[in-house]
Every structure is written in C-alpha cells, then in structure tokens.
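Have a look at the structure below before the remarks.
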Amino acid sequence: MGRVDMSEVALRRITLKAIGKPALVLRAARHADIPTLLRWDADPTVIASGSDDPDAVTAWGEDNDWAENIDLYERDVWEYWIAEVEGRPIGCMQLCDPHMEPTHYWGDIEPNLRALDIWIGEPDARGRGHGDMMMRLGIAAAFEDPSVTAIIIDPLASNTRAHTFYQRLGFVPVERRIFGEDDTLVHRLTREDWSKVSTRTPETPKS
C-alpha cells in the first residue's frame, strides 16, 4: 500500500484540560514519531502490558511496521495517536473500527463498534493520571459518531491492574479470548454505561 499524504487527510487533534493538570493532547502519529515509538516498544513495562511471553523483546512483535501503521490512517477506521503533555510525547493510543479495519484482528464482529488500545511509553509519566485523561479523550472521540454503540478493549487476562483501570471507566468484562498467543479478557463499554460514569472526577495524579 502506498504512503498516505498526511497533509491531505483530516487529522484528528483533541485536547483535554483539567483543573490542576497540564493540558493533554492527542494528535495523529507521524513518521517523525517512529524513533520514539520504537523506543517505547522496547520498554519492559510496555512489553509486559501487551505480552505474556517472558522472552519478548518488543511490545508488538518484531514484524510490527510503524511506517505502515501510520500510513494506513483512515479517520474512525484506523488511527494511531500520540499523547502529549506540554508538547512532550508520553504515550500512544490506537482507535479502530474492528469491523472495517484492514488487519481484521477482531475477526468476524458486528458493525458500529470502536476498539481502543493505550500505552504510556515514558516511565516518569506513569501513575500521574495521564492514562485516565487519554482514555476519556479516546472514548469521546469514539462516541463522536452517533452510530457507535460500544467500545471494546482487550487487555491481557493476567493484567489485573488494567482491568481495574478500565472498569473504573465503565468497561465491563465480557469474554476471555485468545488472539494469536495472547490470552485476553475482552471488556466492553456501551454508550449508555459511559453516560453514567463520564461525569465522575478523573483519576487523581500520584506524586
């Protein structure tokens, strides 16, 4: 597939400002971000969040191609975002339409869903509430389309900290599922459930 001219597509850029916190921005990933993404891929905490393989040396597999991932950008179908705080990249998110996205990772699945993935690459940015803000922005973007009924996410079954994090945002565990060699616990957030929790106070940053 040829390279997308990113200057000709409607790139998403969204900002969340919370009292007492610096603004957090999600913007579309660019080729200039690839060295940072590769560095984060090799971070032990990021690897552990995405794989149960004790011998894994990269989070998303050695065949992962960030240039291709970025070039596949299609709004609401396949998007990678960089999270920035005060202009500094701290993490990454992916939003996709699991029914339409080109890799068919989710297999045969109903339409009108979105899937999210999130990781914070900078160690000193963890535990400060940034993940909560990133998820709130991602959820808002996913539900921007009124036809979307729910969001799904697939943390490792062993990653109980992630389960607690997602469930605090209203996600509900729905099934244990194997993707490749990964044993995951799929969670689902309906639009109705999000409306019940979206006004809760965001996670308090840790000092």
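What follows draws every value from the coordinates through simple rules; no lab data is involved. Source: prediction; values computed, not measured. Positions of Cβ are backbone-derived with ideal geometry, glycine not excepted, and every protein chain shown enters the neighbour counts.
Points to keep in mind about this one:
- Spatially, the stretch 82-107 and the stretch 125-166 are offset by 11 Å when compared through their Cα centroids.
- Remark: Thr58, Thr15 ranked as Thr15, Thr58, counting other beta-carbon atoms within 10 Å and listing the fewest first.
- Here the residues Arg39, Arg188, ranked from fewest to most Cβ neighbours within 10 Å of their Cβ, fall in the order Arg39, Arg188.
- Gyration tensor (alpha-carbon) shape descriptor, the stretch 147-192, a/c threshold 1.5: oblate
- Counting neighbouring beta carbons within 10 Å and listing from fewest to most, the residues Tyr166, Tyr80 come out as Tyr80, Tyr166.
- Cα gyration tensor shape of the chain, rounded if a/c is under 1.5, else prolate or oblate by comparing a/b with b/c: rounded
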